[in-house]
Structure formats: structure tokens, C-alpha cells
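First comes the structure, then the notes that go with it.
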Amino acid sequence: MTIPQRTQVAIVGAGPSGLLLGQLLHKAGIDTVVIEQRSADYVLGRIRAGVLEQVTVDLLEQAGVADRLHAEGLPHDGVNLSFGDRMQRIDLKALTGKHVTVYGQTEVTRDLMDARRAEGLVTVYEAGDVAVHDLDGTSPRVTFTLDGRPHEVRADFIAGCDGYHGVCRASVPQDVLKTYERVYPFGWLGILADVPPVEHELIYANSERGFALSSMRSSTRVRCYVQCSLDDKVEQWPDDAFWAEFKRRLPPHVAERLITGPSFEKSIAPLRSFVAEPMRFGRLFLAGDSAHIVPPTGAKGLNLAAGDVGMLAEALQAYYRGDPAGIDGYSARCLRRVWKAERFSWWFTSLMHRFPENGEFGFKMQTAELDYLCQSEAMQKVVAENYVGLPL
Ligand code: RFL
Ligand code: PHB
């Protein structure tokens, strides 16, 4: 592989944001180099999102990588919220005319990687000491090492698609960025197992014992989560203990149908809300988790990332046609959508989890709100509209 010394857009990070941006720009005739610190297998080994909004599916189509998604993705016209022994279906299709698609982030990433490889586009995996320079000049640079040798790529722009722990946001002077953050006092323990889902659509469950989510990757593979303590370790959760706890958090008439089986992946994720403003510094644009994090309850993280890079690709195309207004408006345009998804994810997290500090009163408030939601089509519509995703 020859690494060019110059490109139009250098993309740091080969997660879904970086790879989708690369593909969208390629379709528009704009050159990119993607620089990733991990191996391709490591990137594919991370089990994360499962629910795609229509906006995300549209962008994957535009990028030319939606064939397998259309063949294997599961369109869901509804989603369920349960509490105590009750379960309310939110009819996404009837309330909004839209649906969501269940298709794993791993598969999205694999499709994007395959497309990039098939087009012969340069992706540098296992880059060491990645650093970005000259962000406020006209020719920013990315430096890194590969097999011990130093490299430098000059670009017109750098896209910081390197996630929450990446180097791009950290390279913006501290007095330029303002950050907002909320850390939640619990995590999600998730497993993958080859058993059929207990219900053909997702169930978000509020129970006195804490939150649970029944999700899936296919009609024979489930992704299930339970709210857990931040001190918990996966070793403390053998499969039997996981399934017993998961079952107790579902309404009894659903729990009795539960089929369990051995897990082949188990991990704990902390929950956080985070936004860094603005999403641009000079010639550096932040996109996806490098700029913002949502708790996974609303299934918004990957969808926000896709929205960001969709807007960035549009802005860069306009720039190369001679119109710089798009790149100047990029941050404000993204943040309007980001903050609404932050609000929804925070609200949905607050409604569905046990917050020890809120005690019995807090639990009563949640139960009253869920009871109201069951009675109020107006409130169901608000939830549905946010869940299927707001327009770009
Ligand atoms: P990623 O996926 O973190 O990718 C960033 C990439 O950058 C690389 N990197 C670097 N590369 C070069 N130099 C450096 N210095 C670097 N530092 C880091 C990393 O190795 C990595 O490959 O960010 P990106 O692309 O912005 O994508 C964001 C999404 O991954 C994320 O928002 C979602 O996974 C969030 N999320 C969900 N989103 C949804 O839309 N729907 C869901 O159903 C959903 N479920 C979830 C989720 C996230 C979860 N966890 C574990 C946080 C469920 C969970 C449990
Ligand atoms: C998942 O399937 O991993 C998933 C689904 C919905 C969420 C979060 C995660 O809100």
C-alpha cells in the first residue's frame, strides 16, 4: 500500500463515521485517506449499535453500501415500552409514517470496509502516535507511524472521526471548546446469544429492579441488556445470572416466553451524555462520538454520527464547487440536531432506569409518566417522532 503525502480530506478514525464519510466523499469525487490506530479486526469486534434511522439508511444508500442492509436488515414498525406487568407498543409507522431498521453496527462497518477496499481507497490500520497539526492554517497535517516508520499526510481538511477517546478533539485549544457532560450512576451489561427474540420488536423495560432491553440482530440472534452497577465486572455475571435478572425485569406474560442460551459476547458500557461545541476548529471538523456521546437508550449515537458526516460531506462538496458557506455553517447545523437527540436520550434514560438517589418517589413519577404515555396518543407521537429520528 502506498500512502499518499497529500489528499483533500484526511480522515482520522475508521469507525462508522470515518468510513461513511470516506465513501460519501469518494462518490462526490473527493480524495480521502483514512488513518486508524487499531486493526480492522479490532474495529469489527466491537459490538455496539443495532437500530438505524431512515436518515442513516438513506445515507448508506447514497454511499452505495445498502444492498446487504436491504436484504438482511429487519424493518421494525413499532417498539415496546414495559413497566410492571404492562407493555405499551408505540406504533412508529402509524404515528410517523416511518420505521427503523435493525442492522448491527458491525455489519454497517463491514459493508463500508468492503466497499472502501473494493474501490482501492487508502485506509491505514494500526497507525501509531497519530497526531494532527496546523489546524488553523490552510494545509493541516496528520502524522503517524506505521511499522515503526514516520509518515505525514497533508490535506485541505481533517475530519476528526476518532471517537470519544480520540486525538482530534483533544488537539483543539482548550479555550476554544466548551464541553457539557452528564455521567449516569450505572452501566449496561449486554450479551449476544443465538436464540430467538422474546418479542419480534424491541422491548425497553422499566422495572423496580432496573432497566432491561430486549433487542436483536436477526430472528435467531438476540442482543439483550440489563442496567448494572458501575462496579460490576462481567465475570460476576455468568449467563444463568444474566438471564434470571433479565427475565425478572420483563412483564410476566412476556417473560414466560423467554428462550435463553449461552452468550458468545458479554460487555459492560458506562452511560454518558456529552457535547463539545463548536464542532469545527479551523480546518478540523469533528464528527460522531468525537464531538458528542449519548446514553444508548434512544439508539441515537450511530445515527447522529451518520447525520454529522452526511452534513459534512455536503458542506465539503459545496466548498470544492466554490461555495464555502456550508463548511462555515457545519457546526451550528449539526448541533441543532445533536442537542435534540441529547435531550431525547437523556429523557428516555431518566424515564426507564432506576436512579437510587431518586428513591421511591422517583419510581412513582416514572410509573405515572409511563401510565400517561399509555393513555395519550399525543405523547406516543412525541416518542415515536424522536425514536425514528429527526430530519437533517
Ligand atoms: P467510534 O465507533 O468510536 O470510532 C472511532 C474510531 O476512531 C479510532 N481512533 C483513532 N484512530 C486514529 N488515531 C487515534 N488517535 C484514534 N483514537 C481512536 C477508534 O479505534 C475507532 O475505530 O466512533 P464513530 O465512528 O463516531 O461512531 C459512533 C458509534 O460507534 C456510536 O455512537 C454508537 O455505537 C453508539 N451506540 C448506538 N448508536 C445508535 O445509533 N443505535 C444504537 O442502537 C446504539 N447502541 C451504542 C449502542 C453504543 C454502545 N456502547 C458500547 C458505547 C449500544 C452500546 C452498548
Ligand atoms: C442494540 O441492539 O444494541 C441496541 C438497540 C437499541 C438501543 C441500544 C442498543 O437503544
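The values are calculated or read from the model by the stated rules, or taken from the named source; none is laboratory data. Here the structure is a predicted model, which is why all the values come from computation and not from measurement. In this analysis, Cβ positions are derived from the backbone assuming ideal geometry, glycine residues included, and neighbour counts consider all displayed protein chains. When the accessible area is computed, the model is the full protein with side chains, heavy atoms only, and any ligands, DNA or RNA have been set aside. Shrake-Rupley method; radii C 1.70, N 1.55, O 1.52, S 1.80 Å.
Test of the criteria: in the stretch 201-248, which trypsin sites (Lys or Arg not before Pro) are in a DSSP loop and have at most 16 other Cβ atoms within 10 angstrom of their Cβ? Hits after loop and neighbour filter: Arg209, Lys233.
Counting heavy atoms of the protein chains alone, Met365 has an accessible area of about 100 Å² for a 1.4 Å probe. Accessible area of His133 (1.4 Å probe, protein heavy atoms only, ligands and nucleic acids ignored): about 50 Å².
The trypsin sites (Lys or Arg not before Pro) found in the stretch 280-378 that occupy coil by DSSP, while having at most 14 further C-beta atoms within 10 Å, are Arg321. Each Lys and Arg adds +1 at its Cβ and each Asp and Glu adds -1 at its Cβ; summed about the Cα centre, the stretch 161-271 shows a dipole of about 180 debye.
In degrees from 0 to 90, rounded to the nearest 10, what is the angle of the helix 301-320 Cα long axis to the longest principal axis of the chain? Roughly 30 degrees between the two axes. Approximating the spin labels as points 7 Å out from Cα along Cα→Cβ, the Asp85-to-Thr145 distance works out to 6.5 nm. One decimal place: the segment Ala40-Arg248 gains 71.1 nm when fully extended, by the rule 0.36 nm per residue minus the C-alpha distance. When the chain is treated as a Gaussian network with alpha carbon springs shorter than 10 Å, the biggest mean-square fluctuation among Val309, Val234, Val34 belongs to Val234. Residues within the reach of a label modelled at Ala325 (point 7 angstrom out along Cα to beta-carbon, backbone nitrogen below 20 Å), restricted to the stretch 284-313, are 310-313.
The chain: longest stretch without exposed GluC sites (Glu not before Pro) (DSSP loop, at most 13 other Cβ within 10 Å), sites themselves excluded?
Result for the longest clean stretch: 257-392.
Nonpolar atom fraction for the chain, defined as the carbon and sulfur part of the 1.4 Å probe accessible area, stands at 50 percent. Net charge in the neighbourhood of Leu146 (other residues with Cβ under 15 Å of its Cβ; Lys, Arg +1, Asp, Glu -1) is -3. Bridges between two residues of the stretch 1-121, per DSSP, are antiparallel at a rate of about 75%. P(r) tail for the chain: Cα pairs beyond 29 Å make up 43% of the total.
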